[in-house]
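Undergrad: Before I ask anything, let me first share the structure, which is written out below as structure tokens.
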Amino acid sequence: MIQLSLIGIGTGNPDHVTLAGVRALQAADRILLPRKGEAKSDLVDLRRLLCRNLLDEAAQSRVVEFDLPRRDGRDDYLGAVDDWHAAIAEVWREQMARHLPRGGRVAMLIWGDPSLYDSSLRIAGRLKGSGRDGDASLEVSVVPGITSLQVLTAEHRIPLNALAEPVQITTGRRLRERGWPEDAASVAVMLDGGGAFQALAPEGLHIWWGAYLGMDKQCLIDGRLAEVGPSIVERRAALRERHGWIMDVYLLARTPLLSRTPPLA
Ligand SMILES: C[S@@+](CC[C@H](N)C(=O)[O-])C[C@H]1O[C@@H](n2cnc3c(N)ncnc32)[C@H](O)[C@@H]1O
């Protein structure tokens, strides 16, 4: 029996890992640490740092690094993601069979929280459902982590929703393709390749933007979209150039989120 624990580790600040997360890592027979290619080696370094800072030596010796397959960049996005997840599931299976042939507890460090725009649970579901090599004896548990959205709202000191209003969480791709989601008073945008908000008419919108949240190089900008939108695009490009990669997330709102926020034009 493999007991797989998906552990949310927050988005770069080791202080954001919960006690439950540390306990689960400490208790694991193997901690699988995925490497995601050169451009994002900062993120692997952060995971290594986190293991070094939070775990005792015995637990650190149980960390195993492995390379994740890459997603191909073909136009059929969902098809490419499906193939990619199948390839990742296969790599997980190999790693577990190699390092824990008789079963045991496996921990995986998941960026932010496993429930938010993360496919670890779907990939684990593939292992469970495949019915090969005793996969039926896979048990999955989740340790929640602090999401990038929570760090964004905390750093800007704003609530996620306007009073009694709904929020929609979406992707840059969808915002660009579909525009402002009907019935949303505020919209959180993740996985944006860059400035999808430019597809919206900026009048009456406020933005709270954050990049590298929780890390030393964290960068925050907020204001009326019409005023700060162009500087966010510029700053994003410059930061990406400097660090070789970027992760950013933002909240857009039509309605004031705080009573002291000036009414939106
Ligand atoms: C694959 S999703 C993972 C989200 C993660 N599970 C979470 O709970 O935040 C990656 C997206 O999350 C956001 N993100 C994750 N970490 C971030 C960070 N440190 N700063 C800004 N945005 C971040 C970005 O929108 C990025 O494109």
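The values are calculated or read from the model by the stated rules, or taken from the named source; none is laboratory data. All figures in this text were calculated on a predicted structure; none of them were measured in a lab. Please note: Cβ atoms are built from the backbone with ideal geometry, for glycine as well, and neighbour counts cover all protein chains shown. The area values use the complete protein model at the heavy-atom level, side chains included, leaving out ligands, DNA and RNA. Shrake-Rupley method; radii C 1.70, N 1.55, O 1.52, S 1.80 Å.
Undergrad: For Arg173 and Leu191, calculate 0.36 nm times their separation in residues minus their Cα-Cα distance, and state this gained length in nm to one decimal.
TA: Once the chain is fully extended between Arg173 and Leu191, it gains 5.7 nm.
Undergrad: Further question: Quick one: length gained pulling Val44 to Val81 fully straight, 0.36 nm per residue minus the C-alpha distance?
TA: Residue separation times 0.36 nm, minus the Cα-Cα distance, leaves 11.2 nm.
Undergrad: Hey, another quick one. So what's the convex hull volume per residue for the Cα atoms of region 2-143, in Å³?
TA: Cα-based convex hull of region 2-143, divided per residue, equals 106 Å³.
Undergrad: Under 5 Å between amide hydrogens, which residues at least 5 positions from Ser141 or on another chain qualify, with H placed 1.01 Å from N in the peptide plane?
TA: Excluding prolines and chain starts, which carry no amide H, the hits are Leu4, Ser5, Leu6.
Undergrad: P(r) for the chain: what percent of alpha-carbon pairs falls in each 10 Å bin, starting at zero?
TA: Reading upward from the zero bin: 6, 27, 32, 22, 10, 2, 0.
Undergrad: Note down the net charge around Leu251, summing +1 for each Lys or Arg and -1 for each Asp or Glu among other residues with Cβ under 14 Å from its Cβ.
TA: For residues surrounding Leu251, the net value is -2.
Undergrad: Counting only protein heavy atoms and using a 1.4 Å probe, what share of the accessible area of region 148-260 belongs to carbon plus sulfur, as a whole percent?
TA: Summing carbon and sulfur atoms, their accessible area is 46 percent of the total for region 148-260.
Undergrad: Could you grab the relative contact order for region 1-52? Cα pairs under 8 Å, six or more apart, rounded to a whole percent.
TA: Relative CO of region 1-52 lands at 27 percent.
Undergrad: I'd like the orientation of helix 225-243 relative to the chain: the angle between its Cα long axis and the longest Cα principal axis, in ° from 0 to 90, rounded to 10.
TA: Taking Cα atoms only, the helix is inclined about 40 degrees.
Undergrad: Additional query: Percent antiparallel among DSSP beta bridges with both residues in region 148-260, to the nearest 5?
TA: 75 percent
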